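The values are calculated or read from the model by the stated rules, or taken from the named source; none is laboratory data. It should be emphasised that the depicted structure is a prediction, and the values quoted were computed from it without experimental measurement. No Cβ is skipped: glycine too gets one built from the backbone with ideal geometry, and neighbour counts run over all protein chains shown.
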Amino acid sequence: MKVPLYQVDAFTSTLFHGNPAAVCPLELWLKDGVLQAIAAENNLSETAFFVQKGDHYELRWFTPTVEVDLCGHATLASAHVIFNYLDPSSEVVHFTTKSGKLSVEKHDDLLAMNFPARPGHPCPVPENLLKGLETKPREVFMSRDYLAVYATEEEIRLIKPDMNALLNLDGLGVIVTAPGKGSDFVSRFFAPKAGVPEDPVTGSAHCTLIPYWSERLRKKKLHALQVSQRGGELFCEHRGENVQIAGRAVTYLEGFILLKEYL
């Protein structure tokens, strides 16, 4: 059995930047154990699998160790594959996921995702968060992830997290953020609990970042940079219960996974 495989760098137009995601279009769903094994073998922060069902696609995302309920860069990568290889005439793609219905629209070279907003709520600062980040944030919020707010971009770039301490937190991961020098805000994202010590560019984290910065800066449209080593650029808009997250993507490779012996 051959499974198509694409590797796409998301939230960038330049190879070897942004966040690489594997994308596997399927005709029928494979067993969960096989999906997880493929994701572990790919050893990227996310592998996306989808199956076409009429006018939409069922979409799932796996890290090397777990299935997650929402992933931005692998959704962007999946839409990139559909628009460029599977259905080039389409202008919008609809997905059904564990986080509900998602859509991605094509706007020239930008792909714009419509995601649910996940605003954070003020919360006590766990000791393991302080230990894990080493520098004390000005504010801390909680949604799916912890959101730690700092004063400067330089602080975000200099954080060297203690992953063992972050492993002991509840929630999936930790977002750190501050005002940007050349953007509205910058961020980084750590999720060792999901097998991803630092994610290069994290669309789902912006479901929390966008409501926070929209309220703080009193503007709906925002330009964001994720300042990981690979780096990524996002064009964001707060739309009440939803957020729009747009970015570019570029294909790194095309191939097949050979599953005959495994199955």
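Only one of these is within 17 Å of the chain's Cα centre (by Cα), hydroxyl-bearing (Ser, Thr, Tyr) and modelled with pLDDT under 95: Ser45, Ser103. Name it.
Being within 17 Å of the chain's Cα centre (by Cα), hydroxyl-bearing (Ser, Thr, Tyr) and modelled with pLDDT under 95 holds for just one of Ser45, Ser103, which is Ser45.
When Glu67 is tested against the conditions (1) more than 15 Å from the chain's Cα centre (by Cα); (2) free of Cβ contacts under 8 Å to residues at least 40 places away in the same chain, the lone failure is (1).
Elements of the type strands (runs of 3 or more DSSP E) sitting completely within segment 28-107 and holding at least 2 residues that are of a type in the set (A, V, I, L, M) and within 21 Å of Gly247 (Cα to Cα): these cover 92-97, 100-107. I need the full set of residues from segment 98-124 which are more than 27 Å from Val149 (Cβ to Cβ) and either surrounded by fewer than 19 Cβ atoms within 10 Å (Cβ to Cβ) or in contact (Cβ under 8 Å) with a residue 60 or more places away in the chain (or both), in order please. Within segment 98-124, Lys98, Gly100, Lys101, Ser103, Glu105, Lys106, His107, Asp108, Asp109, Leu110, Leu111 meet the criteria.
Can you confirm whether segment 157-174 contains a residue that is within 26 Å of Val81 (Cβ to Cβ), part of a loop (DSSP other than H, G, I, E, B) and charged (D, E, K, R)? No: zero hits.
This table checks each residue for (1) among the aliphatic types (A, V, I, L, M); (2) touching a His at 6+ places or on another chain (Cβ under 9 Å); (3) surrounded by 24 or more Cβ atoms within 10 Å (Cβ to Cβ).
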| site | (1), (2), (3) |
| --- | --- |
| Thr177 | no, no, yes |
| Ser187 | no, yes, yes |
| Pro192 | no, no, no |
| Asp199 | no, yes, yes |
| Ser204 | no, yes, yes |
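Right, Leu158: among the hydrophobic types (A, V, I, L, M, F, W, C) and in contact with a strand residue (DSSP E or B) (Cβ under 9 Å, 6 or more places away or on another chain) or not? No; evaluated as a whole, the condition is false for this residue.
For segment 138-153, taking the residues that are in contact (Cβ under 8 Å) with a residue 40 or more places away in the chain and not in a strand (DSSP E or B), the one that is nearest to Cys123 (Cα to Cα) is identified as Ser143.
Among the residues of segment 247-257, the ones that are within 23 Å of Pro116 (Cβ to Cβ) and either surrounded by fewer than 19 Cβ atoms within 10 Å (Cβ to Cβ) or in contact with a helix residue (DSSP H, G or I) (Cβ under 8 Å, 6 or more places away or on another chain) (or both) come to 2 in all. Kindly indicate the residue of segment 9-41 that is farther than 20 Å from Glu67 by Cβ and among the β-branched types (Val, Ile, Thr) and also surrounded by the fewest Cβ atoms within 10 Å (Cβ to Cβ) among those meeting that condition. Applying the filter and picking the extreme gives Thr14. Checking each residue of segment 208-229 against the condition of being surrounded by fewer than 24 Cβ atoms within 10 Å (Cβ to Cβ), over 23 Å from Ser78 (Cα atoms) and among the acidic types (Asp, Glu) gives at least one match. Only strands (runs of 3 or more DSSP E) whose full extent lies in segment 213-263 are considered here, and the ones with at least 2 residues that are acidic (Asp, Glu) and touching a residue at least 24 places away in the same chain (Cβ under 8 Å) are 232-239.
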